[in-house]
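Worksheet: the structure to be examined is printed underneath.
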């Protein structure tokens, strides 16, 4: 058994402070300069070009239910898609980094 634990994500941004504020406001997290914190979440935004690659590389947020997922999808103007194990949608953040919001299928 491993004693490793994912501690944080480091996401490049042209405007780290602005993107930290967007994540905090959008997802109800707390921004501390270029850092965003929440229960089990620490994201550091650093100066750089956005990842903006294929959707295979993304930041995923699990939501508690299909109802909650549909509410988030409406907010982002997205359409959730059901897969074999989960239902999800993907959308870019303001700098083009790919976000995924998902919930496991019952």
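The numbers here are math on the coordinates, done by the rules we state, and not lab data. The shown structure was predicted, so the numbers you read here are calculated from the model rather than taken from an experiment. Methodologically, a virtual Cβ is constructed for each residue, glycine included, from the backbone with ideal geometry; neighbour enumeration extends over all protein chains shown.
Does residue 94 satisfy being touching a residue at least 40 places away in the same chain (Cβ under 8 Å), in a loop (DSSP other than H, G, I, E, B) and in contact with a strand residue (DSSP E or B) (Cβ under 8 Å, 6 or more places away or on another chain)? Taking the combined requirement at face value, the residue does not satisfy it. Scanning segment 56-91 for residues that are in a loop (DSSP other than H, G, I, E, B) and surrounded by fewer than 11 Cβ atoms within 10 Å (Cβ to Cβ) turns up 56, 57, 64, 77, 79, 83, 84, 85. Of all residues in segment 3-36, those satisfying the criterion of being surrounded by fewer than 16 Cβ atoms within 10 Å (Cβ to Cβ), in contact with a strand residue (DSSP E or B) (Cβ under 9 Å, 6 or more places away or on another chain) and part of a strand (DSSP E or B) are 9, 10, 30.
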